[in-house]
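The numbers here are math on the coordinates, done by the rules we state, and not lab data. The model shown is predicted, which means the values in this text are computed figures rather than measured ones. Because the Cβ atoms are built from the backbone with ideal geometry, glycine has one as well, and the counts that use them run over all protein chains shown.
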């Protein structure tokens, strides 16, 4: 088995070495493909362009190679399995310590958010009712007497509806 692994590694090294030797050959071709009468900065630009083109092509070949893609797939699979194992381990530790799990905390937070929304909706309804009552009290009513004593008399609170729902 170790002989097979050694041979496989040797083949991968040989393939990588071939890509780099091809790249260096292309770099040299790009470097010396200029005309003898061209000024030195143009030669440097051509060398730089040839180097970048050869590097880009060699890295493209390397990253599209089956060996590289298989290695990346194995690395990603290992990373995912490590993440799952660490999450399971931490869940077991929290369970052993009788600490709340992430799901417990998330469900409590969701319940608090729902309660907050219900309270805000109820406060908004009460605000609308107060606005409506303020609007009615500022207008003179025909059914009430016009004496100031009866107008200053506070209206009784309605607790019966609240008591029916079980809230104080």
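Observations on the structure shown:
- Checklist (1) surrounded by 10 or more Cβ atoms within 10 Å (Cβ to Cβ); (2) in a helix (DSSP H, G or I) applied to residue 99, failing item: (2)
- Qualifying residue in the stretch 54-65 (condition: exposed (fewer than 10 other Cβ atoms within 10 Å of the Cβ) and in a helix (DSSP H, G or I)): no
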